[in-house]
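Here is the structure we will look at.
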Amino acid sequence: NRLQSGIDQVSVSDVWNSVLGNGVKSYTKSVVLKGSTLYVELTSSVLREELLMGKQKILRIINEEFRRELVTDIKFR
């Protein structure tokens, strides 16, 4: 149980890359889970705006991958 938060932090990056694919992966600098907020650092401002529009869908897909409500918010930088 104590290890679960560490495992989630490592796994969320893998899930981000698999869900959003290689196109988004190439513009992603870092993916960090702090609490229930996912911080994603991107190198493209255009991509950031596109992902902001689909934020709720991305949240739903990531949580479906984990089979629980792990991420409640995504902050794009």
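Couple of notes before you dig in:
- Between residue 74 and 38, the built amide H atoms are under 5 Å apart, and every one of these is 5 or more places off in sequence or on another chain.
- Taking every DSSP beta bridge that has both ends in the chain, the antiparallel portion is near 60%.
- Charge tally for residue 12 (other residues, Cβ to Cβ under 11 Å; Lys, Arg +1; Asp, Glu -1): -2.
- Ordering of 23-32, 45-54 by burial proxy (mean other Cβ atoms within 10 Å per residue, highest first): 23-32, 45-54
- Whichever aspartates and glutamates have a C-alpha closer than 17 Å to that of residue 57, once near sequence neighbours (fewer than 8 apart) are set aside: 49, 65, 69, 73
- Computed from the C-alpha gyration tensor, the three semi-axes of the ellipsoid equivalent to region 17-58 are 15, 13, 11 Å, from longest to shortest.
- Using C-alpha pairs under 8 Å with a sequence gap of at least 6, the mean separation divided by the residue count of the chain gives a relative contact order of 30 percent.
- When the alpha-carbon atoms of the chain are used, the pair Rg, Dmax equals 11.8, 39 angstrom.
Every read-out reported here was derived from the displayed coordinates using simple, explicitly stated rules and does not represent laboratory data. What you are looking at is a predicted structure, and each value in this text was computed from that prediction instead of being measured. Reconstructed Cβ throughout: ideal geometry from the backbone, glycine too, with neighbour counts over all protein chains shown.
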